[in-house]
Amino acid sequence: MTGTGDLFRLRLDQIINMKHELVRLAGQIDWDWIDNELAPLFSEHGRSGTPTRFMVGLLLLQHIQNLSDEGVCARWVENPHFQYFTVAEFFCHEFPHQRSDLTHCGLVTYNITGTTLKY
């Protein structure tokens, strides 16, 4: 959702190459399905969570690019295609969440297609 302070900012989809491999990949992933599959693993109580697409997107980018937790966070700040992949609307100059959230998410073991995944 666009805030009032965003009036003069360009959206990422206006400044990046929409044919870039990460943009195309983002369009092929069923993010709603992933969100619905992971939702039962989290509580509706307590502090608000980090959006599923952001966390799963970072984990995918981390594995695709063979990056550490710190590496994927640093690249996210520098790379508008990384930001678009994780559903950012505008270019961000700072990482928008706690970096430790990625580590906590990576510890989740989840069975997606009959295979147990551990990150």
Going by amide H atoms built from the backbone, whose H comes under 5 Å of the H on residue 90, apart from near neighbours? 12
If you filter the range 1-92 for GluC sites (Glu not before Pro), then keep DSSP loop positions with at most 13 other Cβ within 10 Å, what is left? 44
So, for the Cα atoms of the range 23-93, Rg and Dmax in Å stand at 12.7, 35
Computed ³J(HN,Hα) along the range 51-67: with the Karplus parameters 6.51/-1.76/1.60, θ = phi - 60°, integer Hz and x for glycine or proline, the list is x, 4, 4, 5, 5, 5, x, 5, 4, 5, 4, 4, 6, 4, 9, 6, 10
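Bear in mind that the values in this text are calculations on the coordinates, not laboratory data. This one's a predicted model, so the numbers in the text were calculated from it and none came from an experiment. When we count neighbours, we look across all protein chains shown, and the Cβ atoms used for this are built from the backbone with ideal geometry, even at glycine.
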